[in-house]
1. Identify the single condition in (1) without any contact (Cβ under 8 Å) to a residue 12 or more places away in the chain; (2) farther than 26 Å from residue 188 by Cβ that residue 263 does not satisfy, given that it satisfies every other one.
2. Could you check the stretch 13-125 for helices (runs of 4 or more DSSP H) lying wholly inside it with 1 or more residues that are outside the structural domain of residue 199 (by TED's automatic domain parsing), surrounded by fewer than 16 Cβ atoms within 10 Å (Cβ to Cβ) and at pLDDT below 95?
3. How many residues are surrounded by 16 or more Cβ atoms within 10 Å (Cβ to Cβ) and either touching a helix residue (DSSP H, G or I) at 6+ places or on another chain (Cβ under 7 Å) or closer than 28 Å to residue 74 by Cα (or both) when one looks only at the stretch 248-292?
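The values are calculated or read from the model by the stated rules, or taken from the named source; none is laboratory data. Note that the structure is a prediction, hence the values are computed from the model and not measured. FYI the Cβ positions are ideal-geometry reconstructions off the backbone, even for glycines, and counts take in every protein chain you see.
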């Protein structure tokens, strides 16, 4: 549109200035009559330029409707946005909104899809960066100390997994939202079914879809630090340092969580150092068995597998 407007302005100036070169009144009158037609043509040229620019900029299919992520954690929002795009397919030219956002609408877009979902979920780039390949994901998370091999998984030189991993991660420590790297492919882990991992993929069959992948095809795991805030709050959790009980009685350990850290975001386990003296169930209820002392360990874990443990001395009288 701006190009057409500029052409129109130049054309009007030329038209008006040349209109008075010839002193013949009849010529001036004819040119004045032609002015509206001339301006209309220039306007149509401008519209054509604008339309061409619009078609070029928006040739790729638009994203599907995004969910309302208000009040969600970074992990929840990231997964919600990713799932909202299920069924999205690239156009016949291989163009997508994800590739366009990353800088090339026809780019192979599995990695761009992951970064786009993080961006739309308002996940900081310090947690999931804007990158365009599995190699770049590996490099970023390696620098953060959050890139791992997967026990039972494979490895290729493509991701450099054998040379640049923090350690080997158990499949049990995978969490929904972790980023899995395959040979020349990036996808999002959802859940495990035996030796099969259910994933959410961009650019799989030219669309966004869910897939089951054998554990041996995974070359590396990137664990975004979604719970960075919650991890800091763990320091402010309070668990009783001691508890006194009479033989045969029971009492529940009370965990005091700081504001901003919800119990629903934690996996809580309890363990007794001596079950002959005291046992503890999954809800933290301690039952005294016989006189003596032991310790109950309270283990708090975030969804990313990181956490903190607390010890309580149990005295049975």
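1. Here residue 263 clears every test but (2).
2. Because the criterion is at least 1 residues that are outside the structural domain of residue 199 (by TED's automatic domain parsing), surrounded by fewer than 16 Cβ atoms within 10 Å (Cβ to Cβ) and at pLDDT below 95, the helices (runs of 4 or more DSSP H) in the stretch 13-125 that meet it are 25-57.
3. Residues in the stretch 248-292 being surrounded by 16 or more Cβ atoms within 10 Å (Cβ to Cβ) and either touching a helix residue (DSSP H, G or I) at 6+ places or on another chain (Cβ under 7 Å) or closer than 28 Å to residue 74 by Cα (or both): 6 in total.
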